[in-house]
1. Could you identify the single residue in 84, 42 that is crowded, with 19+ Cβ neighbours inside 10 Å, in contact with a strand residue (DSSP E or B) (Cβ under 6 Å, 6 or more places away or on another chain) and over 24 Å from residue 127 (Cα atoms)?
2. Of the residues 58, 63, which is surrounded by 16 or more Cβ atoms within 10 Å (Cβ to Cβ) and within 21 Å of residue 48 (Cα to Cα)?
3. Go through (1) buried (at least 16 other Cβ atoms within 10 Å of the Cβ); (2) touching a residue at least 60 places away in the same chain (Cβ under 8 Å); (3) not in a strand (DSSP E or B) and name the single condition residue 91 misses.
4. Considering the range 71-88 alone, what residues qualify as being touching a residue at least 60 places away in the same chain (Cβ under 8 Å) and either on the phi > 0 side of the Ramachandran plot or touching a helix residue (DSSP H, G or I) at 6+ places or on another chain (Cβ under 7 Å) (or both)?
């Protein structure tokens, strides 16, 4: 019969080996958006009927914002080893505020992504994204997240 210290040691070693194996297999690698072509292809997989405007990336290249038709803003964001795609309108945003010269904090109605924060390369990029987010009109009864996907 195993003693409690031996059992605890086996559990700790087992968990450590599992975490290390996931790390070696690339599970801890964060996805990056390399260029406009990749970003466009990722977004068009979920929304093939959409036309995408110019793209602004965050400093870490994990998130891209771009204007969409009907005054919406498109987002491609790295989550784990996958990418999340969204259409955002004013209805989806509780608040959007600058938290530094090139930083932006959003509060969204979406409980799966309630408080995303982003850092941009410069203040101009942050202002551009804020303008896109602020220009989206709200339609009565609109629900813009009905087609949220993770690739």
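The values are calculated or read from the model by the stated rules, or taken from the named source; none is laboratory data. In this text the structure is predicted, and so the values were computed from the model without any measurement. Using ideal geometry, Cβ is built from the backbone for each residue, glycine included, and neighbour counts are taken over all protein chains shown.
1. Just a single option satisfies the conditions, and that option is 42.
2. Selected residue: 63, the only one of 58, 63 that is surrounded by 16 or more Cβ atoms within 10 Å (Cβ to Cβ) and within 21 Å of residue 48 (Cα to Cα).
3. (2)
4. Result: 71, 73, 83, 85.
Quick grid of which residues meet (1) at pLDDT 95 or above; (2) more than 16 Å from the chain's Cα centre (by Cα); (3) not assigned by TED's automatic domain parsing to the domain that holds residue 60:
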position: 115; (1), (2), (3): no, no, no
position: 122; (1), (2), (3): yes, yes, no
position: 137; (1), (2), (3): no, yes, no
position: 140; (1), (2), (3): no, yes, no
